[in-house]
Each structure stands twice: as structure tokens, then as C-alpha cells.
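Peer 1: After the C-alpha cells below, expect a handful of questions from me.
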């Protein structure tokens, strides 16, 4: 199963912290937000489609081609056109018959909630 994580934004409201570092790489309790999210992903998730934009190189350098055992496909959102556009850019990497989990790179969730969401039937799950 795949997860799509949206990590392209500039984090304007977090300035000055995000002037030199993208918001998904800001640290909380000694780990980046992305690191925390990866740890929360259910084992069922084996691939992450990461939509990047602002300071994408830093994110790619931090995560590499895989992170904590999950393969990463990077999709670059060159112009800020919002969430729907970011998800549309990920579409070529998604199988229409396969469900996926959609997350923002700056939200932390309960591990059990994510695991339960992956058990539901249907197309995709957006966890606000």
C-alpha cells in the first residue's frame, strides 16, 4: 500500500524557522516532523509518494531513496497550486484499483488511527 505525503509548502507562518529549512524538517523532540510521520506509518505502507517543492533538495538529502524501510518516489510541485494539484501530480504513481493514504508533512497522528484508516474499504483516506 502507498502513502502520499504533501511536503511542498513554504511554511510561511513558521518563519523565521522555515527560512533556511523546510517545515517538514523542523525538529520536535530531536527528530524531524517527517521522521515522526515515517515512524507512525503502518507496516502495510511500503512506498511513499512525497510531493516536494520548497527546499526539495534538503528533503531528498535527508530521506534518500528510502527511509526506515519504505521506498520513496519524489514528485516536484513547481508552482504553488494547492492540495488538489499536489495530489494530481502524484496520480501517475498510483494504481486506480489500489487504495492509498494521504497525509500532510506537518501533521502528526496517532499510530492506531493511521493503522485503522488503512483497514477501511474504499479508495483513499485523507487524515486531517
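Peer 1: Taking residue 68 as the residue in question, decide whether it is within 19 Å of residue 38 (Cβ to Cβ), surrounded by 10 or more Cβ atoms within 10 Å (Cβ to Cβ), modelled with pLDDT of 90 or more and in contact with a strand residue (DSSP E or B) (Cβ under 9 Å, 6 or more places away or on another chain).
Peer 2: No.
Peer 1: Another question about this same structure. Out of the residues in region 6-32 meeting the condition of being at pLDDT below 90 and within 16 Å of the chain's Cα centre (by Cα), tell me which one is farthest from residue 57 (Cα to Cα).
Peer 2: Step by step, filter region 6-32, then rank; the result is 11.
Peer 1: Being free of Cβ contacts under 8 Å to residues at least 24 places away in the same chain and farther than 21 Å from residue 118 by Cα narrows it down to one of 63, 17, so name that one. So that I can check it myself, show each step before the final result.
Peer 2: Details: 63 fails: free of Cβ contacts under 8 Å to residues at least 24 places away in the same chain.
Among 63, 17, only 17 is free of Cβ contacts under 8 Å to residues at least 24 places away in the same chain and farther than 21 Å from residue 118 by Cα.
Peer 1: Here's a follow-up. Does residue 108 qualify as being in contact with a helix residue (DSSP H, G or I) (Cβ under 6 Å, 6 or more places away or on another chain) and under 21 Å from residue 14 (Cα atoms)?
Peer 2: yes
Peer 1: Sort out which residues of region 1-41 are crowded, with 17+ Cβ neighbours inside 10 Å and part of a loop (DSSP other than H, G, I, E, B), and write them in order of number.
Peer 2: Residues satisfying the conditions are 8, 9, 11, 18, 21, 22, 41.
Peer 1: Residues that are assigned to a loop (DSSP other than H, G, I, E, B), under 18 Å from residue 38 (Cβ atoms), touching a strand residue (DSSP E or B) at 6+ places or on another chain (Cβ under 6 Å) and at pLDDT below 85: does region 92-111 have at least one?
Peer 2: Scanning region 92-111, I find no residue that is assigned to a loop (DSSP other than H, G, I, E, B), under 18 Å from residue 38 (Cβ atoms), touching a strand residue (DSSP E or B) at 6+ places or on another chain (Cβ under 6 Å) and at pLDDT below 85, so the answer is no.
Peer 1: Any residue at all in region 98-105 that is out of contact with any helix residue (DSSP H, G or I) (no Cβ under 7 Å at 6 or more places or on another chain), surrounded by 11 or more Cβ atoms within 10 Å (Cβ to Cβ) and within 27 Å of residue 19 (Cβ to Cβ)?
Peer 2: Yes, region 98-105 contains a residue that is out of contact with any helix residue (DSSP H, G or I) (no Cβ under 7 Å at 6 or more places or on another chain), surrounded by 11 or more Cβ atoms within 10 Å (Cβ to Cβ) and within 27 Å of residue 19 (Cβ to Cβ).
Peer 1: Out of all the residues in region 73-82, is one or more surrounded by 13 or more Cβ atoms within 10 Å (Cβ to Cβ), under 13 Å from the mean Cα position of the chain (by Cα) and closer than 23 Å to residue 113 by Cα?
Peer 2: There is no residue in region 73-82 that is surrounded by 13 or more Cβ atoms within 10 Å (Cβ to Cβ), under 13 Å from the mean Cα position of the chain (by Cα) and closer than 23 Å to residue 113 by Cα.
The values are calculated or read from the model by the stated rules, or taken from the named source; none is laboratory data. None of the values given here were measured: they were computed from a predicted structure. Because the Cβ atoms are built from the backbone with ideal geometry, glycine has one as well, and the counts that use them run over all protein chains shown.
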